[in-house]
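What follows is calculated from the coordinates using simple rules that are stated; it is not laboratory data. Quick caveat, the model's predicted, so the values are computed rather than measured. Cβ: placed from backbone, ideal geometry, glycine included. Neighbour counts: every protein chain shown.
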Amino acid sequence: MSFRLLLVEDERTLRTALRDAFGQEGYAVDVAADGHEARAALRDNRYDLVVLDVMLPGPSGLELLRELRARDADTPVLLLTARGEEGDKVLGLELGADDYVSKPFSLRELLARVKAMLRRRERPQAAGVLQFALGAARVDLAAFTVVCGGATHTLSPKEAGMLSLLRQHGGRAVSRGLFLKEVWGGDQFVGDRTIDTHMLNLRQKIEPDPKQPRFLLTVHGVGYRLVEGPEA
């Protein structure tokens with residue numbers, strides 16, 4: 001299978017090097033040098049993965065990510081962020097990015113992350129029903145949505161995968177290691193903090209009070225578990 005990628009990077013030398021490296025891996029690569037070109041490409045085409053620089057002329061990478069997730073919850077997005085810009089990384093994950101790499105980065109690491117994300121291209125499947133309620137929140141894993149209080153929130157593929165895995169365990173604790181294995185495909189570059197950030201984002205979409213969760217509970221020293229039941 002030939003994958004089609006969109007590479008969004010304003011630095012010409014880096015853009016050319018990444019385009020050539022992706023091409024050598026057998027990927028079909030479209031490139032965009034600024035936010036306006038990227039917006040047009042995302043509007044007119046479907047991609048298997050988007051590599052998106054955060055800092056761009058025109059609309060920023062985070063603006064483009066927000067627009068993409070408003071209409072497409074499925075396409076994996078890998079952010080390129082400046083080293084030390086912790087806020088961009090966290091906000092990117094909250095907006096639905098699947099992963100990030102900090103500049104300057106190893107080309108080998110970037111290619112490994114891209115390959116891992118493409119291997120996980122398939123949508124997560126829950127054991128049994130894909131639609132269920134958590135209190136007032138109505139979750140649809142097939143549609144990647146949570147409807148709560150009249151608002152519809154989009155789930156990223158990783159968030160949907162985490163919920164699917166939690167439901168499969170029927171209230172038992174799921175370790176961070178198992179999340180890494182089953183949802184991230186054993187990606188060696190993903191750590192506990194990424195899982196915790198995704199859980200924080202899930203709680204913002206599902207919990208009545210994210211600071212005092214009732215459904216997505218922390219199991220200290222282990223991971224998380226799901227408690228299903230009616231809204232209190």
Next on the checklist: 5 Å is the cut-off here: which amide hydrogens, built 1.01 Å from N in the peptide plane, fall below it relative to PHE3, excluding neighbours closer than 5 in sequence?
Outcome noted: ALA28
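Quick one: work out the % antiparallel among DSSP beta bridges in the chain, nearest 5.
On the way: 17 of 35 bridges.
Here the share of antiparallel DSSP bridges comes out near 50 percent.
Past 24 Å, Cα to Cα, is the threshold; run LYS89/LYS181; LYS181/LYS211; LYS115/LYS158; LYS158/LYS211 against it and keep the listed order.
Details: LYS89/LYS181 22 Å; LYS181/LYS211 27 Å; LYS115/LYS158 16 Å; LYS158/LYS211 21 Å.
Long pairs (Cα-Cα over 24 Å): LYS181/LYS211.
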Checklist entry - Counting alpha carbon pairs within less than 8 Å and at least 6 residues apart, what relative contact order, in whole percent, applies to the chain? => result 14 percent
Checklist entry - Counting pairs of alpha carbon atoms under 8 Å apart in space and at least six apart in sequence, what relative contact order in percent does region 5-47 give? => result 47 percent
Next on the checklist: Once you order the gyration tensor axes a ≥ b ≥ c over the Cα atoms, which shape class does region 1-116 get: rounded for a/c under 1.5, otherwise prolate or oblate by comparing a/b with b/c?
Outcome noted: rounded
Checklist entry - To the nearest 10 degrees, how steeply does helix 61-71 sit against the main Cα axis of the chain, on a 0 to 90 scale? => result 50 degrees
Next on the checklist: Placing +1 on the Cβ of each Lys and Arg and -1 on the Cβ of each Asp and Glu in the chain, which of VAL54, GLY149, LEU107 has its Cα farthest towards the positive end of the resulting dipole?
Outcome noted: GLY149
Item to check | Cα centroid separation - region 162-223 against region 28-67, whole Å | outcome: 29 Å
Checklist entry - Along the positive direction of the dipole of the chain (beta-carbon charges: Lys, Arg +1; Asp, Glu -1; about the Cα centre), which of GLY35, VAL8, VAL183 reaches farthest? => result VAL183
Next on the checklist: I need the trypsin sites (Lys or Arg not before Pro) found in region 151-232, filtered to DSSP loop residues with at most 16 other beta carbons within 10 Å of theirs.
Outcome noted: ARG172, LYS211, ARG214
Checklist outcome for this item: For VAL219, the residues 5 or more places away or on another chain with a placed amide H closer than 5 Å to its own amide H are TYR224, ARG225
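Hey, got the dipole for the chain? About the Cα centre, +1 on K and R Cβ, -1 on D and E Cβ, debye to the nearest 20? Before the final figure, lay out each step's value.
Working: 32 positive and 33 negative charges, 131 e Å.
The dipole of the chain has a size of about 620 debye.
May I ask you to list the chymotrypsin sites (Phe, Trp or Tyr not before Pro) in region 27-120 that are in a DSSP loop and have at most 16 other Cβ atoms within 10 Å of their Cβ? Each step should come with its number before you reach the end.
Numbers: sites: TYR27, TYR47, TYR100, PHE105; in loops: TYR27, TYR47, PHE105.
Taking region 27-120 and a limit of 16 other Cβ atoms within 10 Å, the loop chymotrypsin sites (Phe, Trp or Tyr not before Pro) found are PHE105.
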Checklist entry - Where does helix 192-206 land angle-wise versus the long Cα axis of the chain, in degrees 0 to 90, nearest 10? => result 60 degrees
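Can you tell me the convex hull volume per residue for the chain, based on C-alpha atoms, in Å³ to the nearest whole number? Intermediate results must be reported in sequence, preceding the final value.
Working: hull volume 29.1 nm³, N = 232.
Here the figure is 125 Å³ per residue.
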Checklist outcome for this item: Per the charge dipole of the chain (beta-carbon charges, Lys/Arg positive, Asp/Glu negative, Cα centre), the residue among GLY26, LEU226, MET162 reaching farthest to the positive end is LEU226
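If you place +1 on the Cβ of every Lys and Arg and -1 on the Cβ of every Asp and Glu, how big does the dipole about the Cα centre of region 4-119 come out, in debye to the nearest 20?
260 debye
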Item to check | Amide H within-cut-off set for LYS103, under 5 Å, with H built and near neighbours excluded | outcome: THR81, ALA82, ARG83
Checklist entry - What is the order of PHE179, PHE215, fewest Cβ neighbours within 10 Å to most? => result PHE215, PHE179
Checklist outcome for this item: The helix 107-119 Cα axis meets the longest alpha-carbon principal axis of the chain at an angle in degrees, between 0 and 90 and rounded to 10, of 50 degrees
Checklist entry - region 1-86: which GluC sites (Glu not before Pro) are DSSP loop and have at most 16 other beta-carbon atoms within 10 angstrom? => result GLU11, GLU25, GLU85
Checklist entry - Residue by residue, what Karplus-based ³J(HN,Hα) values in Hz, rounded to whole numbers, does region 12-17 have, using 6.51, -1.76 and 1.60 with θ = phi - 60° and x for Gly and Pro? => result 4, 4, 5, 4, 5, 5
